[in-house]
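Structure first, commentary second.
The values are calculated or read from the model by the stated rules, or taken from the named source; none is laboratory data. The structure presented is a predicted model; accordingly, all values stated were derived computationally and were not measured. Cβ placement follows ideal geometry from the backbone for every residue including glycine, while neighbour counts extend to all protein chains displayed. The accessibility values were calculated without ligands, DNA or RNA, using every heavy atom of the protein model including side chains. Shrake-Rupley method; radii C 1.70, N 1.55, O 1.52, S 1.80 Å.
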Amino acid sequence: MIIIPAIDIYQQKLVKLSKEGLGSVTFYRRTPLFQAQAFEEAGFRLIHVVDMLAQKTGKFTVSDSIKEFKENTNLQIQLGAGIHDTKSAHEVYSTGVDYAVIGKFSVTDKTEFELVIKNFRPEKIIADIEFSNNKIIINDHDIEPPDVKSHIEYCLSLGIIKIICTDYSPEKESVTDKIPFYKSLVSSFPELELIISGGISNIDEVKQFAELNPYAVIIGRALHEGWIDIKDAAAYTGS
């Protein structure tokens, strides 16, 4: 298992968001580039970048930051930027990112999603699944939310093996309460490169998730706030 450090960008700045979303943003003093270089210096080779505005509006805003990362580091980049059709996918890939992260679009418009896969190759795509009580969260009353495992099967059938999963089930108060379900995904889909996201806040939790042997966990705030020492996290760089 590796740790993939996360960099959330809003208005070209490194940020953290509260549950209220863009209505409540905390800006870090460090620039996105400074943070990316710090992660690379610690030994990380891959970062998870999120264009926070694009996630909400569909308007891609972090091309300058991606260019800085590519010109000043050797990091690989997986980017979440609100892809919703082939045009927005082309805009993301034209920046030179290594992987594009695609979320609800993979449920709400499968025809267009499959066209993106055809144009940009499945190995360059990471599906992003947010779910609660085993149902994918899509906020579209006209579409019946699929269950997690059936959607993973669908993505795997298209050649997508890297899938981010975030469990928002309200009854699971601790991040470690989510481990049994993630364990079932690992055992059910041997070919799946599971990337677990959401809520890991200390190195002991990292160690518990490592026992599942997923492909990766994504960690942002815990690294930015120092709850997990970057030197301890560096044991999970895959180097």
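Below 9 angstrom from the Cβ of Y99, what's the summed charge of the other residues (Lys, Arg +1; Asp, Glu -1)?
0
Would you please give the residues with an amide H less than 5 Å from that of E193, counting only those at least 5 places away or on a separate chain, with H modeled from the backbone geometry?
Answer set, sorted by chain and number: K162, I163.
With the contact rule set at Cα under 8 Å and sequence spacing of 6 or more, what percent relative contact order holds for the chain?
20
Using the Karplus curve 6.51 cos²θ - 1.76 cosθ + 1.60 with θ = phi - 60°, what ³J(HN,Hα) values do you get for each residue of region 189-203, in whole Hz, with x for Gly and Pro?
Per-residue couplings from phi come out as 10, x, 7, 6, 9, 6, 10, 9, 10, x, x, 5, 10, 8, 5 Hz.
Under the Karplus relation 6.51 cos²θ - 1.76 cosθ + 1.60, θ = phi - 60°, what is the ordered set of whole-Hz ³J(HN,Hα) values for region 230-237, x standing for Gly and Pro?
Couplings: 4, 5, 5, 5, 5, 5, 10, 8 Hz.
When Lys and Arg each count +1 and Asp and Glu each count -1, what net charge do the other residues less than 14 Å away from R121, Cβ to Cβ, add up to?
0
So how far apart, in nm, are the two label points at Q76 and K231 if each is 7 Å from Cα heading toward Cβ?
2.8
Tell me which residues come under 5 Å, amide H to amide H, from V101 once H is placed; ignore anything under 5 positions away on its chain.
Placed amide hydrogens put L79, G80, A81, I126 under 5 Å from V101.
May I ask you to evaluate 6.51 cos²θ - 1.76 cosθ + 1.60, the Karplus curve with θ = phi - 60°, for each residue of region 171-182 and list the ³J(HN,Hα) values in order in whole Hz, giving x for glycine and proline?
7, 8, 6, 9, 4, 6, 5, 8, 4, x, 5, 4
How large, in percent, is the carbon and sulfur part of the accessible surface of region 144-239 at a probe radius of 1.4 Å?
47
Just to confirm a number: summing +1 for Lys and Arg and -1 for Asp and Glu over residues other than F69 whose beta-carbon lies under 12 angstrom from that of F69, what do you get?
With Lys, Arg at +1 and Asp, Glu at -1, the neighbours total -3.
Stretch D204-K149 to full length: gain in nm at 0.36 nm per residue minus the Cα-Cα span?
17.0 nm
Given R₀ = 22 Å, what would the calculated FRET efficiency be for K118 paired with K87, taking r from the Cβ atoms and rounding to 0.05?
The computed FRET efficiency comes out at 0.90.
For Rg/Rh (Cα atoms, Kirkwood Rh), several values are listed as [x] 0.93; [y] 0.98; [z] 0.95; flag the one computed from this structure.
The calculated read-out lines up with [x].
Full-extension gain between L156 and F181, please, as 0.36 nm times their residue separation minus the C-alpha to C-alpha distance.
Full-extension gain reported as 7.2 nm.
Mind telling me which of R29, R121, R45 comes out most flexible in a GNM of the chain, alpha-carbon contacts under 10 Å?
With Cα springs under 10 Å in the chain, the top fluctuation among R29, R121, R45 is at R29.
Could you sort 95-107, 179-191, 226-238 so that the peptide with the highest average Cβ count within 10 Å comes first and the rest follow in order?
95-107, 226-238, 179-191
Which FRET efficiency, nearest 0.05, do T111 and E193 yield, Cβ-Cβ r, R0 22 Å?
0.30
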